[in-house]
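Worksheet: the structure to be examined is printed underneath.
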Amino acid sequence: MTDSRPVLTMTGISKSFPGVRALHDVDFRLFPGEVHALMGENGAGKSTLIKVLTGVYGIDEGTITLDGEQVAFSGPMQATAGGVSTVYQEVNLCTNLSVAENIFIGREPRRFGAVRWGEVRRRARALLARLEIDIDVTAPLGTYSLAVQQMVAIARAIDVQARVLILDEPTSSLDAGEVAQLFRIMRQLRDEGIALLFVTHFLDQVYGIADRITVLRNGRLVGEYPTADLPQLTLVEKMIGKELDVLERLEEQPRRDVAALESGTPFVEVADLGRKGAVEPFSLTIHAGEVVGLAGLLGSGRTEAARLLFGADRADHGHTSVSGRRAALRNPVHAIGHGIGFCSENRRAEGIIADLSVRENMILAMQAARGWLRPIPRRRQDELVDRYVKALSIRPADPELPVRNLSGGNQQKVLLARWLITEPRLLILDEPTRGIDIGAKAEIQKLVVQLSDGGMAVLYISAELEEVLRLSHKVVVMRDREMVAQLTNDDTVDADRVMQTIASGSRREEATR
Amino acid sequence: MTSSTLTTGRPRLRLPHRHVPVLATLALLLVMYGIGVSQYRAFSNVQVVFNIFIDNGFLLVVAVGMTFVILTGGIDLSVGSVVAMTAMVSAWLLEGGLPALPVLVIALLIGPTLGFLMGCAIHFFEIQPFIVTLAGMFFARGMCTFISDRSIPITDGFWTAMSQERIGDPRGNFVSISVLIAFVVVLVAAWVLAYTRFGRNVYAIGGNPQSALLMGLPVGRARIAVYTISGLCSAIGGILLSFYTLSGAPLIAVGMELDVIAAVVIGGTVLTGGSGYVFGTVLGVLVLGVIQTLITFDGSLNSWWTKIVIGGLLFAFILLQRLIGIRLK
Amino acid sequence: ACGNSDTGGAADDGKITLGFSQVGAESGWRTANTTSVKEAAAAADIELKFDDAQQKQENQIKAIRNFIQQKVDVIAFSPVVESGWDTVLKEAKDADIPVILTDRAVDSADKSLYKTFLGSDFVKEGRLSGEWLLEQTKSATGPVNIVELQGTTGSAPANDRKKGFAEAIAANPNLSIVASQSGDFTRAGGKQVMEQFLKANPKIDVLFAHNDDMGLGALEAITAAGKVPGKDIIIITIDAVRDGMQALADGKFNFIAECSPLLGPQLMDLAKKVHAGEEVPPRIETEETTFTQEQAKEALPNRKY
Amino acid sequence: MNDVRSRYRALIGHRLFWPAAVLVLMLAANTIYRPGFLAIEVKDGHLYGTPIDILRLSAPLILVALGMTLVISTGGIDLSVGSLCAISGAVACVYISGQSDQNSLVTVLTALALALGVALALGAWNGVLVAVIGIQPIIATLILMVAGRGLAQLITEGQIVTVNSGPYRAIGLGHLLTLPLAIFIALAAALLVAVFTRRTALGMIIESVGGNAEASRLAGIRSGRVIFLVYVISAGCAAVAGFMMTANVSSADGNAAGLWVELDAILAVVIGGTSLAGGRFFLSGTILGALIIQTLTTSVYAMNISPQTALLFKAVVVIAVCLVQAPAFRAKFSRRRNTTPPRPTAPKRQKEQVPA
Ligand SMILES: Nc1ncnc2c1ncn2[C@@H]1O[C@H](COP(=O)(O)OP(=O)(O)OP(=O)(O)O)[C@@H](O)[C@H]1O
Ligand SMILES: Nc1ncnc2c1ncn2[C@@H]1O[C@H](COP(=O)(O)OP(=O)(O)OP(=O)(O)O)[C@@H](O)[C@H]1O
Ligand SMILES: [Mg+2]
Ligand SMILES: [Mg+2]
């Protein structure tokens, strides 16, 4: 499987940020022709290790050798030139440029110094076809959903003739089909002798593809193990540092009595809500204490549906009633006024305010609802923030830190806290567990169950079908921006059945194509 | 035109979104010109259009440089002063008896050098472009008055020839050489932005500098380069201005940076960077030129009414542009 | 903002069209100048095409080009700066349109590019101020410390007034300018600079301000410093706008050299003559005088601006 | 020992340390040039001296810069403040000069209310253009910057309107407790803005809108209203500054009043540490910035620096202030001093924000 000589060795790496020691004497090896998973909780230092490697950050101590030669990349440009190709966590592309250009910028085919645009487009199409994506490569990237953007980022990375390919949580916004496609290509690349470094929080993905695993905890190296020698449970223990039984407990959650929930007037009733070009009109009822799961393939319109419901986009069709009364949810302010919260899937662009502190980010929605003239007393703020920092185990637990300094997963928790603080009656969670480590994911799922038991309605969107099924009372299936089915989550419903519902559409689509 | 035609893959019937601002500007410009023609008799003369180019050639060149800077999300406030400084230095050197060629070379080196230094300060020390270029503006303006506190006439043969040479048709309509130079600059810039890696990097940086960095693009180099280019364009603009006025004056082109920024923005370039075209900038300059021509042709406006009307026309224009933009989208 | 469609062009009705490009409206003086030109044009039955250049040479050149396009009969303008007019003036000449300069001169070597220059002699204004001071300080035995508030750096009035004044006072070695700084022709500027003059120079005998406004601003600073303007410090200014004349009549100023903005009637006369092809002298000075405190009291009631 | 060092670190690291250091440096340079520079004496029962002048003259700039700080914090910019100063001053002076009894307090208060009203209306105009119509702030306010000068001149008919009103004069030249009244007005305004933004949640909401407008919208903030509000506040500040400027010379000059004050105000804001990209704002920094700029202007006059070199001087100071403040510059500088073991890495690049 592996040569005896590693293509990449990192030894004694340390890296500090003001107030945080992100990496502490970490060693890491990567062999050609292997898929190597880098595992750890949120904030363990995975992304930092990668950025240190590619020169985004300078290192404080330690050495990096690539192919036996000591290197110190001054930035991604040099790293790419040195044969290290990277997809960073969160999509880091330019949404104002076209899809094709995002794939090739910096290494466009040229003739006499002029970019050959035809060639760029042709090759972009070919490359995306390899990932089984068929989109207009000339449209600006920003017009596509995050998942498509993620695939484009991957396409960009695999086009390079690299010796090392790094993928930092590439699968967090992909659905099962996309992941399978990606893995096929990863295996292909591995067989060509390329070394792949892969970060994910999905354990089954790790066991599906990784040859070896390196575990980080709190910026320190826990160890390096062949996947075969590391049972799943041991891995989790190593990541978390203690024995964990939350997961099992969650699996045993009893299905709840749906009929009882659906007796009264629904909290929210959506009638034929739609928006041209975004979602076909759909109807939906959500009762207090009910968890409604939204399932569908990427780009199926789940996010768009949620945004319409929240008033983030204006509907041009249909109407919404809250507690039995007509409510015009024309903008988020109205929706929040009716006790609806919305946790966006795109936390960087639509979620966090990077400049502000963790505390301010958390209380923002509540403060907005109160109006600026009635500030939340500082003591109350501290109480609230403290509670949720603890409840969601946000690290570092310093509420005055600018939120930009937190790791991706912790930023997500801050966002979640923002909405929980407002104590909404309906919380829309769009991919709330994306990029969240297994421990925290379990915590969040537990939280959802708790909240709904306490009477809160939840609209739950997730790419993980199991997650949706585990939590929801009702599963709404979307396909092609259209609501195609509503399934009551009883014993007859399982992942296969939902998949079939989705797939039946896909097949029809294939037939017509 | 510019890259507009390039990234559009298949022929489509609907208007591509990103061209909407430029097209709206073009349409409004034509409407405005039409109003002029219908209201003022001599307005329809071809020479009136040529004059707009002659009178705004230097502005155009400077605006092209500014387009690069604004596309990266930056801003360059030093342009007006650099224009003045270039004209001033040329006049001063010519007065000192230096021949035309070395004067041209020196004058064309000063602007880019200053731009390069400003770009370095912006990139390496991460100081905001607004401040760095404001300091550059103070510096260049200070140099102007330092050289001389009164205007210096230029009598050099080359300059006079460039200034007074008319390229025209038999009916007496003509443009100056400066206009041709400005057109060359526009074409080169449009080509660079649309067809070179550097040009595309400029757009990428404007879209998202952090991403551009992570995508492995030479962000630092490109950023320094755009300020250098802006400096170069200002220097060329300064030379054209010295052709235009055959002198260097310490207080000339005061406030020009605002005209230039306005032209670029009216042309559809977004100040936060990442989208816009050189062609739009050309339109923006023409809009300002036409507004001015309309006012002169009217010839009945009081001094303060002139300002109010300029503001009003600007407003009407931007409002319509915005409304049309929304409608078409 | 659109006028009637038949503007422009030498109309066949024989009415003269005059294109006039003004510097801007940067001071009360300039505004009075504009008003004078407009009123005189109306009185003389001349059609005026007025353009305001907002203190920019570029704008003036554009305006002149447009005047040429509109085929006006005569072009008049107050150049913002001295240099840089040859090209556009040549175009005017080729189009057979005579040009009159007002208020400020140009430095073209080719004098045929314009017919005449109508305006004040700034050097003379400075000289008259200096000569009056010489006369006043004839008997002074000790040194006389003068501070000077200059106009906008590099502008022709600032340069020339400074020059004329310096030439005049050179006659008496006792007189010396101890500080000279630009106050930008504005009251606020004059005041701020004067405040610092007063602090840096314990003994100031004379203030020479390049215009009334700066002098008026300086008054406040002088009072705040516990000195009496007009007595402790002799104040000489130029222009004679109404507020300045008032200060002079009130005894706060001591001397003003007039710089009259009322060029309108003279300009219209010239325009008619030039249009008729008559010869005019290449340099015409505006009629101006100087004022002492007593003269100011007399003249004040019938000042027009 | 360690404690001393850490306190020293904290001091050096403080946001206001470097601007304050530059201010002190400038004052020191002035004192060396002219030992009496810092002297303050009592004249007519008032304190009199250059430091007092600096404080008094910086009052209008502080006011304008305060409003500008909020605007910039939302990611906008307000170029029209200079014109607004001119307009408010012109309205007030023209109204007062038209009354028979210029010294009546009622007249002056009416004039102020009138002028403030006009300015607020124009601020609302800016706000509508930016927040409702969605025009880029720099262009939206450029319109009023150009047209506003014209308006001011229209109001004064191009003349300098002189007023002889004691109460009005007092705004610029009056004294309270031996100090110029203008200082107290500026201070009061600063306190007011500080209370208004920091005692309520407005400050945080402004910063949040400036930091990420879309995220703020989704969090339920009506960003349009916030943006509208800051332009109105900015106009209000500019109006009061306009009163001071015109009262200072007892006359309104539509052309010269507040000319280029927008640049100085922006400069003050940036020197104070607020980013032009929006987000966090620092009122105390802005005030310090305004003081630095006024000290700079006064130094130029006090040292009798010729106008030629004045601008060069200004360029040097601006760059110096911003350089010492720039974290990147300080990082490079301090690394050279600290002799930690050499690292095999390329220069440290702590880029702004590269989210994990
Ligand atoms: N630019 C920064 N400035 C300050 N601290 C930072 C910065 N980037 C990361 N950190 C801190 O470094 C630590 C490691 O973060 P890193 O992003 O490497 O975590 P991660 O393992 O990738 O987590 P996740 O799974 O949530 O993405 C965290 O505590 C984080 O707060
Ligand atoms: N394959 C595709 N082809 C074209 N457009 C797509 C595709 N996938 C997604 N999109 C774009 O994404 C939008 C719908 O995505 P949306 O984010 O609502 O879906 P989602 O179900 O939430 O998926 P995701 O898992 O990506 O969040 C559409 O408006 C469309 O522009
Ligand atoms: Mg990470
Ligand atoms: Mg989605």
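The values are calculated or read from the model by the stated rules, or taken from the named source; none is laboratory data. From a predicted model like this one, the values you see are computed outputs, not experimental measurements. Please note: Cβ atoms are built from the backbone with ideal geometry, for glycine as well, and neighbour counts cover all protein chains shown. Accessible surface areas use protein heavy atoms only, side chains included; no ligands, DNA or RNA. Shrake-Rupley method; radii C 1.70, N 1.55, O 1.52, S 1.80 Å.
Structural remarks
- The angle between the Cα long axis of helix D:105-127 and the main principal axis of chain D comes to about 50°, on a 0 to 90 degree scale.
- Taking a ≥ b ≥ c as the square roots of the eigenvalues of the Cα gyration tensor, the protein assembly as shown is classed as prolate, since a/c reaches at least 1.5 and a/b is larger than b/c.
- Between segment B:208-250 and segment A:85-148, the Cα center-to-center distance that results, in Å: 28 Å
- Other-chain or far-sequence residues with amide H under 5 Å of A:Asp437's (modelled H): A:Asn42
- Just the protein heavy atoms count here, and of the accessible area of chain B at 1.4 Å, carbon and sulfur take up 71 percent.
- Under the span-like rule (Cα at least 18 Å along the axis, Kyte-Doolittle mean at least 0.5), DSSP H helices of chain A: A:146-159
- Segment A:304-383 and segment C:71-140 have Cα centres lying 68 Å from one another.
- Accessible surface buried once D binds C (1.4 Å probe; total of both sides; Å²): 2400 Å²
- Most mobile of C:Lys203, C:Lys191, C:Lys252 in a GNM of chain C (Cα contacts under 10 Å): C:Lys203
- Per residue, chain D exposes 38 Å² of solvent-accessible protein surface, assessed with a 1.4 angstrom probe and all protein chains in place.
- Histogram of C-alpha separations across segment A:8-241, 10 Å bin width, %: 8, 32, 36, 19, 5, 0
- 3J(HN,Hα) couplings calculated from phi for segment D:33-40 with the Karplus curve 6.51 cos²θ - 1.76 cosθ + 1.60 (θ = phi - 60°) are, in sequence order, 5, 9, x, x, 4, 8, 4, 10 Hz; Gly and Pro show x.
- In this structure chain B gives 33 Å² per residue of accessible area when probed at 1.4 Å with all protein chains present.
- Each helix, a run of at least 4 DSSP H residues, gives -39500 (n - 2.57); summed and divided by the residues of chain D, these come to -22000 deg cm²/dmol at 222 nm.
- C-alpha long axis of helix D:307-325 to longest principal axis of chain D, angle in °: 50 degrees
- Derived scalar couplings ³J(HN,Hα) [segment D:180-189; Karplus, 6.51 cos²θ - 1.76 cosθ + 1.60; whole Hz; x for Gly, Pro]: x, 4, 4, 4, 5, 4, 4, 4, 4, 4
- Averaged per residue, chain A has 38 square angstrom of accessible surface, using a 1.4 angstrom probe with ligands and nucleic acids left out.
- Pairing chains B and C buries close to 3900 square angstrom of accessible surface in total, based on protein heavy atoms and a 1.4 angstrom probe.
- Loop-located GluC sites (Glu not before Pro) in segment A:166-226 (DSSP state other than H, G, I, E, B) with a sparse environment of at most 11 neighbouring Cβ atoms within 10 Å: A:Glu192.
- Cα centroid of segment B:74-127 to Cα centroid of segment A:402-460, whole Å: 56 Å
- Average partner coverage of C:153-165, which counts Cβ from other chains inside 10 Å: 2
- Unsatisfied cross-links (Cα-Cα over 24 Å) in the set B:Lys307/C:Lys163; C:Lys15/C:Lys71; C:Lys162/D:Lys314; C:Lys49/C:Lys93; A:Lys238/A:Lys446; C:Lys56/C:Lys124: B:Lys307/C:Lys163; C:Lys162/D:Lys314; C:Lys56/C:Lys124
- Assuming charge only on the beta carbon of Lys and Arg (+1) and of Asp and Glu (-1), the dipole of chain A about its Cα centre is about 1500 debye to the nearest 20.
- Burial ranking of peptide ranges A:151-158, A:267-274 (average Cβ count within 10 Å, highest at the top): A:151-158, A:267-274
- Cβ neighbours within 10 Å from other chains - mean over A:455-467: 0
- In this structure, the amide hydrogen of C:Ser180, modeled 1.01 Å from its nitrogen in the peptide plane, lies closer than 5 angstrom to those of C:Glu148, counting only residues at least 5 positions away or on a different chain.
- Accessible area buried at the B-D interface, both sides summed, 1.4 Å probe (Å², nearest 100): 4200 Å²
- Of all accessible heavy-atom area on segment A:355-422, the percent that carbon and sulfur account for (1.4 Å): 52 percent
- Rolling a 1.4 angstrom probe over chain C with all protein chains present gives an accessible area of which 50% lies on carbon and sulfur atoms.
- The packing ranking, built from the mean of other Cβ atoms within 10 Å per residue, places the peptides D:154-160, B:154-160 in the order D:154-160, B:154-160, highest first.
- Each stretch of four or more DSSP H residues adds -39500 (n - 2.57); spread over every residue of chain A, this sum gives -11000 deg cm²/dmol at 222 nm.
- Built amide H within the under 5 Å cut-off of A:Ile428, gap 5+: A:Gly341, A:Phe342, A:Cys343, A:Leu459
- Estimated vicinal HN-Hα couplings, Hz - segment A:263-277 in sequence order (Karplus 6.51, -1.76, 1.60; Gly, Pro = x): 6, x, 5, x, 5, 10, 10, 9, 10, 6, 6, x, 8, 4, x
- Dividing the summed -39500 (n - 2.57) terms of all DSSP H runs of n ≥ 4 by the residue count of chain C sets its mean residue ellipticity at 222 nm at -12500 deg cm²/dmol.
- Neighbouring partner chain Cβ atoms per residue of D:206-215, average, 10 Å criterion: 6
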